[in-house]
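Below is one structure, written out as structure tokens; the observations come after it.
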Amino acid sequence: MYYDICILSCLMERQMYGYEIGKILKDSFDSCTRISNNTIYPILKKFQKLGYITKKKQTQEGRPDRFVYEITELGKRGFIQALNSVTGSLTSNREEFFVKLSFFHLMTPDTRRKMLEGRAAFIRESLNNAKSRRDGESIYSQRSKEGQEFLIALYSLEMETIEKFKLRIDEPCLAPKEYLQ
């Protein structure tokens with residue numbers, strides 16, 4: 001689902017070739033998720049069937065034809081609606097959470113609240129689990145002291161960041177209102 005959002009976000013900017021979409025996604029989201037052409041093109045095909053995008057052939061002299069993809073009004077609406085839906089996987093999937101958080105300004109305050117509260121609950125539970133390491137566990141345990149320290153630091157920082165975003169929940173949603181219905 002979040003790959004759909006990534007791809008549609010590129011096309012919200014302008015029409016593009018599939019290769020360009022892949023390059024932009026690599027530059028934008030490579031730190032949290034990897035998306036390959038083997039993923040991009042089937043999603044583009046799905047979007048064509050849904051009427052979210054159009055595909056036009058561009059001929060080039062002495063080179064293979066290229067296809068340019070352009071988002072439709074239906075696709076723009078689908079993009080905004082996908083951003084404003086909160087699924088169960090969103091709270092436990094760091095990649096999906098990060099991708100959606102990148103478009104915080106296009107979410108309604110209600111969506112922001114649900115997303116942040118859901119992720120915070122998941123992180124609190126994960127943090128409690130990380131802190132529950134028992135002394136005397138085998139040195140070969142997958143719950144090593146170092147691993148637990150890393151997780152505790154990671155989860156603590158994420159909770160701090162979520163708290164900062166909670167202060168912005170009621171900022172205006174910048175998405176066109178007609179796409180929110």
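Relative contact order of the chain: 22 percent, from C-alpha pairs under 8 Å at least 6 residues apart in sequence.
Partner lysines whose Cα lies under 28 Å from the Cα of K49, excluding those fewer than 8 positions away in the same chain, are identified as K23, K26, K57, K76, K100, K177. Selection among H105, I43, S85 by position relative to the dipole of the chain gives I43 as farthest towards the positive end (Cβ unit charges, Cα centre).
Stretched out straight at 0.36 nm per residue, the stretch from K46 to T161 would grow longer than its current Cα-Cα span by 37.9 nm. For the chain, the longest principal axis of the C-alpha atoms and the axis of helix 18-29 are separated by about 20°.
Principal-axis analysis of the Cα atoms of the chain puts helix 2-13 at an angle of about 40° to the longest axis. Placing +1 on the Cβ of every Lys and Arg and -1 on the Cβ of every Asp and Glu, with nothing else charged, gives the chain a dipole about its Cα centre of roughly 440 debye. A helix-only calculation puts the chain at -19000 deg cm²/dmol for mean residue ellipticity at 222 nm, using -39500 (n - 2.57) for each DSSP H run of at least four residues, averaged over all residues. Once C-alpha pairs closer than 8 Å and six or more residues apart are averaged by separation and normalised to the residue number of the range 51-136, the relative contact order reads 21 percent.
Relative to the longest principal axis of the Cα atoms of the chain, helix 37-50 runs at roughly 60 degrees.
Here the mean projected area of the convex hull built on the C-alpha positions of the range 52-181 is 12.7 nm².
Think of each Lys and Arg Cβ as +1 and each Asp and Glu Cβ as -1; about the Cα centre, that makes the dipole of the range 1-83 roughly 240 debye.
Read the figures in this text as sums done on the coordinates, not as results from a lab. Computed from a prediction, not measured in an experiment: that's the story for all the values here. Glycine also receives a Cβ, built like all others from the backbone with ideal geometry; neighbour counts cover every protein chain displayed.
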